[in-house]
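Notes follow once the structure below has been shown.
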Amino acid sequence: MNFLDSLLYMLNEMSPYILLGFLIAGLLHAFVSRETFARHLSGSSLGTVVKAALIGVPLPLCSCGVLPTAIAMRRNGASRAASSAFLISTPQTGVDSIAATWSLLGPAFAVMRPVAALVTAVFGGAAVGATERGTDKSGGNGFAPDAVDEVPDTFVGKLMASLRYGFIDLVGSIGLWLTVGLVIAALITVYVPADFFAVLGNKPIVSMIIALIVAVPMYVCATGSIPIALSLILKGLSPGTAFVLLMAGPAANFASFTLISREMGRRAAIVYLGSIIAGAMAMGLAIDYLLPSHWFAIGHDAAMHGACCHEFSTFSTICSAILAALLIFSLIRRFYNPKTNTYTDMTQEYIITGMNCPHCQNAVKKAIAAVAGVDTVEVDLHAGIATVDGNVDHIAVIDAVHAAGFEARRK
């Protein structure tokens with residue numbers, strides 16, 4: 001029962017804040033267009049980089065979900081510097097993860113996350129701008145923003161679109177990783193001995209390096225990393241080390257590095273990754289050695305959440321039930337994908353690489369559907385297969401997927 005109690009405690013603590021974050025995220029999505037973002041990010045000045053970083057901080061996009069958005073911005077005229085700043089700041093935090101961080105880790109962590117995301121994004125974007133000065137070209141290929149985010153013009157339509165995005169699409173994007181994060185955190189809390197990390201707890205720099213080695217290639221969303229960080233702190237790791245995980249885990253993975261290398265060049269990709277690593281280490285060391293330790297102390301209730309039972313309030317229980325229902329629904333949508341196409345002699349299948357969430361799945365589906373001659377298209381996220389029916393140019397399909405930020409080849 002300790003495992004279940006620990007899992008339910010973290011879910012109840014986070015669920016009201018996460019649901020609020022989903023609502024705010026949906027409103028941002030519906031009422032602020034991507035075209036607006038791209039229009040303000042065409043320069044390479046420090047002001048443009050800061051603006052791009054500020055735009056990215058509240059957006060609740062994961063490190064894979066942000067890629068199509070950033071690529072669309074880039075191909076609409078945003079500079080490499082601004083696009084890099086957006087890519088660094090966006091996945092590290094968001095309105096949902098800030099609220100959830102406050103609920104489990106306290107106000108200091110919740111404030112430090114967006115501050116760290118902003119600082120590292122500005123540094124990284126400025127560094128990309130400096131290394132690419134004289135070679136950066138804006139826009140130029142006529143790429144239009146993808147059709148994933150079609151939003152009605154009416155206020156009621158926008159409101160409905162915000163609810164759908166916040167509580168359906170966004171939950172689908174991070175639901176699996178949030179669930180995994182909660183389960184891992186509960187397992188660490190219950191089954192890892194209290195003194196397991198004691199030796200690393202006395203060597204913060206070593207533990208931060210290990211955290212980076214684990215976090216950089218790993219895929220985890222900003223919200224899903226929170227319970228893992230909490231459990232590691234409770235097992236003896238320093239708050240700075242946990243913060244390294246909170247920054248580096250959501251900000252980068254192998255897929256994002258590969259795509260950035262292709263879209264903006266290997267130099268920009270290296271600077272992007274180096275900025276995340278340097279920023280995570282710098283912020284982690286600042287927390288452990290420069291800032292007051294009591295700011296980052298975990299409260300007594302959190303520290304005891306794996307050792308005893310708790311009474312749950314009615315409101316948090318209702319929020320947890322709603323969030324659990326949304327997560328279950330998102331997992332069903334993710335892994336259950338019934339075939340609806342009627343196969344004909346013109347049906348073709350394509351292997352799609354780079355998809356990690358329903359946002360990616362929708363981006364690929366909408367990109368292929370826009371190709372001339374396509375009658376129907378189904379994209380299986382789990383299998384990485386797009387099934388296309390119609391009299392289409394196969395090169396056009398592959399180019400459309402490539403333009404959306406992914407790779408495709410005929411099966």
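Which of the numbered conditions does Ser63 fail, given that it passes all the others? Conditions: (1) in a helix (DSSP H, G or I); (2) modelled with pLDDT under 80.
It is condition (1) that Ser63 fails.
Please give the number of the condition Ser162 fails out of (1) at pLDDT 70 or above; (2) open to solvent by less than 50 Å² (accessible area, probe 1.4 Å); (3) closer than 22 Å to Leu381 by Cα.
Of everything listed in (1) at pLDDT 70 or above; (2) open to solvent by less than 50 Å² (accessible area, probe 1.4 Å); (3) closer than 22 Å to Leu381 by Cα, Ser162 misses just condition (3).
Can you confirm whether Thr258 is open to solvent by 30 Å² or more (accessible area, probe 1.4 Å) and among the hydroxyl-bearing types (Ser, Thr, Tyr)?
Values: open to solvent by 30 Å² or more (accessible area, probe 1.4 Å): yes; among the hydroxyl-bearing types (Ser, Thr, Tyr): yes.
It is true that Thr258 is open to solvent by 30 Å² or more (accessible area, probe 1.4 Å) and among the hydroxyl-bearing types (Ser, Thr, Tyr).
Does the stretch 356-364 contain any residue that is touching a Lys or Arg at 6+ places or on another chain (Cβ under 9 Å), within 30 Å of Val220 (Cα to Cα), open to solvent by less than 20 Å² (accessible area, probe 1.4 Å) and modelled with pLDDT under 90? Step through it out loud before you land on a result.
Going through the stretch 356-364, the residues touching a Lys or Arg at 6+ places or on another chain (Cβ under 9 Å) turn out to be 357-358, 361.
Now drop any that are not within 30 Å of Val220 (Cα to Cα), which leaves 357-358, 361.
Pick out the ones that are also open to solvent by less than 20 Å² (accessible area, probe 1.4 Å) and you get 357-358.
Adding the requirement that they be modelled with pLDDT under 90 leaves 357-358.
Yes, because at least one residue in the stretch 356-364 is touching a Lys or Arg at 6+ places or on another chain (Cβ under 9 Å), within 30 Å of Val220 (Cα to Cα), open to solvent by less than 20 Å² (accessible area, probe 1.4 Å) and modelled with pLDDT under 90.
Looking at (1) open to solvent by 30 Å² or more (accessible area, probe 1.4 Å); (2) modelled with pLDDT of 80 or more, which is the only condition Ala194 fails?
Of the numbered conditions (1) open to solvent by 30 Å² or more (accessible area, probe 1.4 Å); (2) modelled with pLDDT of 80 or more, the odd one out for Ala194 is (2).
Here's the yes/no breakdown for (1) outside any helix (DSSP H, G or I); (2) modelled with pLDDT under 90; (3) more than 18 Å from Ile209 (Cα to Cα):
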residue: Gly240; (1), (2), (3): no, no, no
residue: Phe243; (1), (2), (3): no, no, no
residue: Gly249; (1), (2), (3): no, yes, no
residue: Phe257; (1), (2), (3): no, yes, yes
residue: Arg262; (1), (2), (3): no, yes, yes
residue: Ala268; (1), (2), (3): no, yes, yes
residue: Val271; (1), (2), (3): no, yes, yes
residue: Gly284; (1), (2), (3): no, no, no
residue: Ile287; (1), (2), (3): no, no, no
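Condition check: surrounded by 15 or more Cβ atoms within 10 Å (Cβ to Cβ), assigned to a helix (DSSP H, G or I) and modelled with pLDDT under 80. Does Ala229 satisfy that?
Details: surrounded by 15 or more Cβ atoms within 10 Å (Cβ to Cβ): yes; assigned to a helix (DSSP H, G or I): yes; modelled with pLDDT under 80: no.
Considered against the rule, which asks whether it is surrounded by 15 or more Cβ atoms within 10 Å (Cβ to Cβ), assigned to a helix (DSSP H, G or I) and modelled with pLDDT under 80, Ala229 comes out as no.
Which ones in the stretch 16-57 are modelled with pLDDT under 80 and charged (D, E, K, R)?
Matches in the stretch 16-57: Arg34, Glu35, Arg39.
Looking at the stretch 200-226, which of the residues that are over 28 Å from Leu11 (Cβ atoms), at pLDDT 85 or above and crowded, with 20+ Cβ neighbours inside 10 Å is farthest from the chain's Cα centre (by Cα)?
Met208
For the stretch 312-319, indicate whether the set of residues that are more than 30 Å from Asn2 (Cβ to Cβ), modelled with pLDDT of 75 or more and open to solvent by 50 Å² or more (accessible area, probe 1.4 Å) is non-empty. Can you show your working first?
Kept after step one, since they are more than 30 Å from Asn2 (Cβ to Cβ), are these residues of the stretch 312-319: none.
Scanning the stretch 312-319 turns up no residue that is more than 30 Å from Asn2 (Cβ to Cβ), modelled with pLDDT of 75 or more and open to solvent by 50 Å² or more (accessible area, probe 1.4 Å).
Residues being over 19 Å from the mean Cα position of the chain (by Cα) and in contact (Cβ under 8 Å) with a residue 24 or more places away in the chain: count how many of those fall in the stretch 106-129. Write out each step before concluding.
Of all residues in the stretch 106-129, those over 19 Å from the mean Cα position of the chain (by Cα) come to 106-108, 123, 126-129.
Subset that is in contact (Cβ under 8 Å) with a residue 24 or more places away in the chain: 106, 108, 123, 126-129.
Final tally of qualifying residues: 7.
The values are calculated or read from the model by the stated rules, or taken from the named source; none is laboratory data. All of these numbers come straight from a predicted model, not from anything done at the bench. Here Cβ is always computed from backbone atoms with ideal geometry, including for glycine, and neighbour counts include all displayed protein chains. Only protein heavy atoms, including side chains, enter the accessible area calculation; ligands, DNA and RNA are left aside. Shrake-Rupley method; radii C 1.70, N 1.55, O 1.52, S 1.80 Å.
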